[in-house]
1. What is the magnitude of the charge dipole of the chain about its Cα centre, with +1 placed on the Cβ of each Lys and Arg, -1 on the Cβ of each Asp and Glu, and no other charges, expressed in debye to the nearest 20?
2. Over the chain, what is the relative contact order in percent, taking alpha-carbon pairs closer than 8 angstrom and at least six residues apart?
3. For the stretch 30-88, place one equal point scatterer on every Cα, skip the solvent, and apply the Debye formula. What is log10 of I(q)/I(0) at q = 0.27, 0.31 Å⁻¹?
4. How big is the accessible area of residue 82 in square angstrom, nearest 10, if you roll a 1.4 angstrom probe over the protein chains?
5. How about the stretch 6-110: which GluC sites (Glu not before Pro) there lie in a loop by DSSP and see at most 13 other Cβ atoms within 10 Å?
6. For the stretch 34-39, just list the computed ³J(HN,Hα) in residue order, Karplus coefficients 6.51, -1.76 and 1.60, θ = phi - 60°, integers in Hz, with x standing in for Gly and Pro.
7. Sort largest first and round to whole Å: the equivalent ellipsoid semi-axes of the stretch 17-123, each the square root of five times a Cα gyration tensor eigenvalue.
8. Residues with beta-carbon under 14 Å from that of residue 75, excluding residue 75: net charge, scoring Lys, Arg +1 and Asp, Glu -1?
Amino acid sequence: CMSKFLDMMLRPEVEDVAKNLPTAQYEVKRLSRLVGEPVTLELRALPYGKAQELRELERDVEVHILLAGCQDLKDEGLRAKFGGVMPAETVKAMLLPGEIADLSRAVERLSGYRQNTIREIKNG
């Protein structure tokens, strides 16, 4: 006799999250005001191993979480314009600290952190 949980988890609509990570679009308001149209970044959740690895870093954790969740920020053209030798330096030259923090938190939320993902079921 299979449990209800197992029955639900084996349904085809429940996918392997590591193969289909959640994504979302986020607008950077300050940059949108500068260019006169919405400036958006597509952010992607991090797989478990990468999220754990980045949370253990001592320096620039938010920058590295953002870079792991947004491939566009590693673009060579951005590096050439903003003068960063490494992608982290490019991000720091392009975005304000608060923007980096907000975008990093958005990547963490997509990855299941910084949000309430479970609730207790009370009997009776």
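The values are calculated or read from the model by the stated rules, or taken from the named source; none is laboratory data. Please read these numbers as outputs of a predicted model, since none were measured by experiment. Note that each Cβ is placed from the backbone with ideal geometry, even for glycine, and that neighbours are counted across all protein chains shown. For accessibility, only protein heavy atoms count, side chains too; no ligands or nucleic acids. Shrake-Rupley method; radii C 1.70, N 1.55, O 1.52, S 1.80 Å.
1. Details: 19 positive and 20 negative charges, 60 e Å.
Using Cβ point charges on Lys, Arg, Asp and Glu, the chain gives about 280 debye.
2. On the way: 122 pairs, mean separation 28.3, N = 124.
Relative CO of the chain lands at 23 percent.
3. With one equal scatterer per Cα and no solvent, log10 I(q)/I(0) is -1.15, -1.21.
4. 70 Å²
5. Details: sites: 13, 15, 27, 42, 53, 56, 58, 62, 76, 89, 99, 108; in loops: 13, 15, 56, 58.
Counting only loop positions with at most 13 other Cβ atoms within 10 Å, the GluC sites (Glu not before Pro) in the stretch 6-110 are 13, 15, 56, 58.
6. Values per residue, Gly and Pro as x: 5, 9, x, 7, x, 9 Hz.
7. Whole-Å semi-axes of the equivalent ellipsoid: 27, 17, 12.
8. -1
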